[in-house]
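Reading through the structure tokens given below for one structure.
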Amino acid sequence: MRARTAVIPAAGMGTRFLPATKAVPKELLPILDQPALQLIIDEAAGAGIDHVVVVTSHAKPAIEAYFEPAPEVIAKLRSTGRDALADSLDRVGRDVRISFAYQDEARGLGHAVGCAREAVGDEPFAVLLPDELMGDSSLLAQMIDICERTSGSVVGLKRVPRDDVSAYGVIDPSGPIDSEGVVGVRTMVEKPKVSDAPSDLIIIGRYVLTPDVFDRIEQVQPGAGGEIQLTDALRMQAASGPFHGVLRDIRRYDTGNPLGWLTAVVELALDDPKIGPAFRDWLQERR
Ligand code: G1P
């Protein structure tokens, strides 16, 4: 079976962006003129996803408000001939089905994914962490293919300097990485000490998971940081069936902190056909 649903955990407080995130959720901060959340949904749609479950919290009503239809604004735009903008507004929340699940306590990523159980059902599904932006949908599409072919879960991977591994989930590969970037995963550990890390391959915020993970999440005891870690549930899956990682050379931005967010905005602005040239000139002049 092929993953058609994606879960986007978006219930966090956005501490690293306070006070901006006091009223505006981190996931709605703009990357140029798009909320980060929209770019994540577009990436998922580009990989064939047609249902997105946003795990949010009742303290962040703006997330749901973003998906409300806006007929008055759209009519006004059309009446002044701004049809392209009207079209882009009109498609929000309509090109894929959006549903919501709630996580009102910060109990970890595993717990957040568990909150989406009912909305996902008994099917493989993707998880996209909205703190990470990808240049395109190709990694997720490949991961969905591998999950379908192997009937096992798949995680996105990145190689980092050894000293950086302790901020992430780290995999223990079961063999070499093949020409497509695919590698078997024997086991994995969340935020290990550098000296205990099984490799320099970290899990990035893209997962395609078989639905038995929900039972595993229920079995997980609080781990690193006292939280219900998704990595701990995935380790149980890897111990009992096929489990793969995919290492791909794809553009990726960590927008979960102000510097990473700024880097993503600058890069995408430089690429933008409308504002890119003028922005590049301005950057060069001010050096
Ligand atoms: C989470 C996961 C971790 C993964 C990381 C990727 O950690 O728990 O395994 O490597 O996302 O960004 P967090 O960033 O929430 O601490």
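Things worth noting here:
- Here the gap between residue 73 and residue 33, fully extended at 0.36 nm per residue and compared with their Cα-Cα distance, gives a gain of 12.8 nm.
- Size of electric dipole in the stretch 1-84: Cβ of Lys, Arg +1 and of Asp, Glu -1, about Cα centre, debye, nearest 20: 180
- The stretch 103-245, dipole about Cα centre (Lys/Arg Cβ +1, Asp/Glu Cβ -1), debye to the nearest 20: 380
- Placing dummy labels 7 Å off each Cα toward the beta-carbon, the span from residue 174 to residue 107 is 3.1 nm.
- The chain: translational diffusion in µm²/s, Stokes-Einstein, Kirkwood Rh over Cα pairs, 20 °C, 1.002 mPa s: 108
- A dipole drawn for the stretch 1-127 from +1 and -1 charges on Cβ atoms has a positive end, and of 24, 63, 10 the residue lying farthest that way is 24.
- The convex hull around the C-alpha trace of the stretch 1-148, projected and averaged over every direction, spans 9.4 square nanometres.
- Cβ-based charge dipole, the stretch 142-287, positive-most Cα from 147, 208, 268: 268
- Each of 79, 39, 127 was placed along the dipole of the stretch 29-154 (beta-carbon charges, centred on the mean Cα), and the one lying farthest toward the positive end is 79.
- From the alpha carbon centroid of the stretch 207-282 to that of the stretch 46-121 is 19 Å.
- Per atom type, the chain shows carbon and sulfur on 52% of its accessible surface, probed at 1.4 Å.
- Cβ-Cβ FRET estimate between residue 218 and residue 64, R0 fixed at 30 Å, reported to 0.05: 0.65
- Placing +1 on each Lys and Arg Cβ and -1 on each Asp and Glu Cβ, with no other charges, gives the stretch 39-162 a dipole about its Cα centre of roughly 340 debye.
The values are calculated or read from the model by the stated rules, or taken from the named source; none is laboratory data. The model shown is predicted, which means the values in this text are computed figures rather than measured ones. Neighbour counts run over all protein chains shown; Cβ positions are idealised from the backbone, glycine included. Areas reflect the complete protein model, heavy atoms only, side chains present, ligands, DNA and RNA absent. Shrake-Rupley method; radii C 1.70, N 1.55, O 1.52, S 1.80 Å.
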